[in-house]
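Comments concern the structure below.
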Amino acid sequence: MRILISNDDGIFAEGITVLADALAQFGEVYIAAPDRNRSGASNSLTLETPIRVHRHSPTRIAVQGTPTDCVHFALNAWLDFTPDLVIAGINHGANLGDDVLYSGTVAAATEGHFLGAPAIAMSLVGATHFATAAAVACKVIERMREQPVPENRLLNINVPDRPYDELSGWEITRLGARHRAESMIRDEDPRGHEIYWLGPPGARQDAGPGTDFYAVDQGRVSITPLQVDLTAHQTLSAVDQWISGEK
Ligand code: MN
């Protein structure tokens, strides 16, 4: 196999290093990752400045850009083949529910999916047991080699932060949801100018059985198949009726 790995925590993060080491058993591993932490970058692209790259080795490149830039660069300018898998992570922290809209980890996988490769986003619900998430990734890849993911879906995988032997199984889930984020935190810089920090994410709102939140709370690996089409298909006719007086 030829595997492209990216992430949003940056090329020096522990998660991507553990993942790359674990996946070497499957074949050739290529890494294109941001040169610094770009968590929360979502699907952003760098359009107004050039994208500089630093070749650490023939198979490992740090990109001065977003996670999406990294995968875009790798598939359009670096590798002369489409990888058998694009995998993003292992993220330091969960990507559950609404988080996937902001996640650079999911975005990197999404870009691979857009560009025609099977794709996985891997996140650890914490920052300790990266080996557990790496072992889960290996199991999923073994399964993919036997049989492709149904309907060519992108997979968002979250792994509880505990030793592999202490996982309580695996569950296929849907995305849950959070309440709106908490207030921003106002502060002042040393020159007396106001500055703001984003507040913590909102509390869980839709986190019952069947959701990704619930599965990881129960100690289970959560696998959510994702699609990119955000159309609210079931609402098309209601909006059509709503606007009909104006057309
Ligand atoms: Mn991250």
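Ordering 128, 224 from largest to smallest accessible area (1.4 angstrom probe), what's the sequence?
The residues order as 128, 224, largest area first.
Using a basic spin-label model with each label point 7 Å from the Cα along Cα→Cβ, how many nm lie between residue 226 and residue 182?
2.5 nm
How much of the accessible area of the chain, in percent, comes from carbon and sulfur atoms when a 1.4 Å probe is used?
Taking all protein chains in place, the chain shows 51 percent carbon and sulfur surface.
Counting only complete DSSP H runs, which helices of the chain cover 24 Å or more along their long axis at the Cα atoms and score a mean Kyte-Doolittle of 0.0 or above?
Length and hydropathy pass: 130-146.
Calculated from DSSP H runs of 4 or more alone, at -39500 (n - 2.57) each and per residue, what is the 222 nm mean residue ellipticity of the chain, nearest 500?
Calculated at 222 nm, the ellipticity per residue is -7000 deg cm²/dmol.
Once amide H atoms are built 1.01 Å from N in the peptide plane, which residues 5 or more positions from residue 168, or in another chain, come under 5 Å H to H?
220, 221
Taking amide H positions as placed 1.01 Å from N in the peptide plane, with prolines and chain starts having none, which residues 5 or more places from residue 46, or on another chain, fall under 5 Å of its amide H?
Residues meeting the amide H criterion: 66, 69.
With just the Cα atoms of region 115-247, tell me how far they stretch along each of the three principal axes, in Å, largest first.
Rounded to whole Å, the extents work out to 55, 52, 33 Å.
Round to a whole angstrom and tell me the spacing of the C-alpha centers of region 194-229 and region 6-72.
24 Å
Any chance you could run the full-extension gain for residue 153 through residue 205? It's 0.36 nm times the residue separation minus the Cα-Cα distance, nm to one decimal.
Contour length minus Cα-Cα distance gives 16.1 nm.
Please compute the length gained on full extension between residue 49 and residue 166, using 0.36 nm multiplied by the number of residues separating them and subtracting their Cα-Cα distance.
Full extension from residue 49 to residue 166 adds 37.5 nm.
Might you tell me the accessible area per residue for region 1-139, computed with a 1.4 Å probe and given in Å²?
39 Å²
Give me the one-decimal Kirkwood hydrodynamic radius in Å for region 1-119, with the sum taken over alpha-carbon pairs.
13.6 Å
Given a Förster distance of 35 Å, report the FRET efficiency between residue 36 and residue 244 from their Cβ-Cβ distance, rounded to the nearest 0.05.
So the FRET efficiency works out to roughly 0.10.
Rounded, prolate or oblate: which one fits region 48-185, using the alpha carbon gyration tensor with axes a ≥ b ≥ c (rounded when a/c is under 1.5, else prolate when a/b beats b/c, else oblate)?
oblate
Using only C-alpha atoms and all pairs of different ones, pull out the Kirkwood radius for the chain in Å with one decimal.
19.0 Å is the Kirkwood radius here.
For residue 122, tell me the accessible area in Å² from a 1.4 Å probe, rounded to the nearest 10.
0 Å²
The values are calculated or read from the model by the stated rules, or taken from the named source; none is laboratory data. On a predicted model such as this, the values are computed, not experimentally measured, just so you know. Glycine also receives a Cβ, built like all others from the backbone with ideal geometry; neighbour counts cover every protein chain displayed. Accessible surface is based on the protein model in full, side chains and every heavy atom, while ligands, DNA and RNA are left aside. Shrake-Rupley method; radii C 1.70, N 1.55, O 1.52, S 1.80 Å.
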